[in-house]
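Peer 1: Got a structure for you, questions after.
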Amino acid sequence: MNAMTQQPAGRRILWQNVSTVLSAAILIGAEVFGAAFAGGWAIANLFQLGDYGVYAAQIVLFLIGVAIMISFVRAGMKVEPFTTPE
């Protein structure tokens with residue numbers, strides 16, 4: 001084969017790794033966001049912050065949960081790469 005007809009080497013998606021990391025992310029995400037919801041309610045009631053305090057505490061903990069999930073997926077991608085090396 002000459003250089004004109006040769007196909008370029010591309011990356012292949014490793015679907016088993018993608019499935020593993022995303023499945024773990026769904027499971028852990030349910031726990032993280034459930035804890036953020038319940039924790040926001042508990043903290044706001046502990047300090048008697050009222051209804052708006054509950055929402056504010058839940059939003060803060062939800063955003064912390066988003067940061068945790070982003071770092072989890074990034075770490076998972078390092079352990080289980082989503083693509084083959086070139």
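The values are calculated or read from the model by the stated rules, or taken from the named source; none is laboratory data. Values in this document were obtained by computation on a predicted structure and should not be read as measured data. Note that we place each Cβ from the backbone using ideal geometry, even for glycine, and neighbour counts take in every protein chain shown. For the accessible areas, the whole protein counts, side chains as well, though only heavy atoms, and no ligand, DNA or RNA atoms are used. Shrake-Rupley method; radii C 1.70, N 1.55, O 1.52, S 1.80 Å.
Peer 1: List the chymotrypsin sites (Phe, Trp or Tyr not before Pro) within segment 18-83 that DSSP assigns to loop and that have no more than 11 neighbouring Cβ atoms inside 10 Å. Intermediate values should be presented prior to the final figure.
Peer 2: Numbers: sites: 33, 37, 41, 47, 52, 55, 62, 72, 82; in loops: 47, 82.
Those satisfying the criteria are 47.
Peer 1: Also, quick follow-up: Cβ under 13 Å from residue 84's Cβ, residue 84 left aside: what net charge do those residues give with Lys, Arg +1 and Asp, Glu -1? Intermediate results must be reported in sequence, preceding the final value.
Peer 2: Details: positive: 11, 12; negative: 80, 86.
Once all neighbours under 13 Å are counted, the net charge is 0.
Peer 1: Counting only heavy atoms of the protein chains, get the accessible area per residue of the chain (1.4 Å probe) and round it to a whole Å² value.
Peer 2: Numbers: 6770 Å² over 86 residues.
Ligands and nucleic acids excluded, the figure is 79 Å² per residue.
Peer 1: Could you state the angle between the C-alpha long axis of helix 50-79 and the longest principal axis of the C-alpha atoms of the chain, as a value from 0 to 90 degrees rounded to the nearest 10?
Peer 2: Taking Cα atoms only, the helix is inclined about 20 degrees.
Peer 1: Match the structure shown to one of the listed values (1) 3, 11, 10, 11, 10, 9, 9, 8, 13, 13, 3, 0; (2) 3, 14, 16, 13, 11, 9, 8, 7, 6, 4, 3, 2, 2, 1, 1, 0; (3) 3, 15, 20, 19, 17, 11, 8, 4, 3, 1, 0 of P(r) over Cα pairs in 5 Å bins from 0, in percent, computed from it, and give that label.
Peer 2: So the structure-derived entry is (2).
Peer 1: Using a 1.4 angstrom probe on heavy atoms only, work out the carbon and sulfur share of the accessible area of the chain in %. Display every interim value, and only then the final one.
Peer 2: Numbers: 4630 of 6770 Å².
Of the solvent-accessible surface of the chain, carbon and sulfur hold 68 percent.
Peer 1: In degrees between 0 and 90, to the nearest 10, how far off the longest principal axis of the chain does helix 15-46 point, with axes built from Cα atoms?
Peer 2: Orientation of helix 15-46: about 10 degrees from the principal axis.
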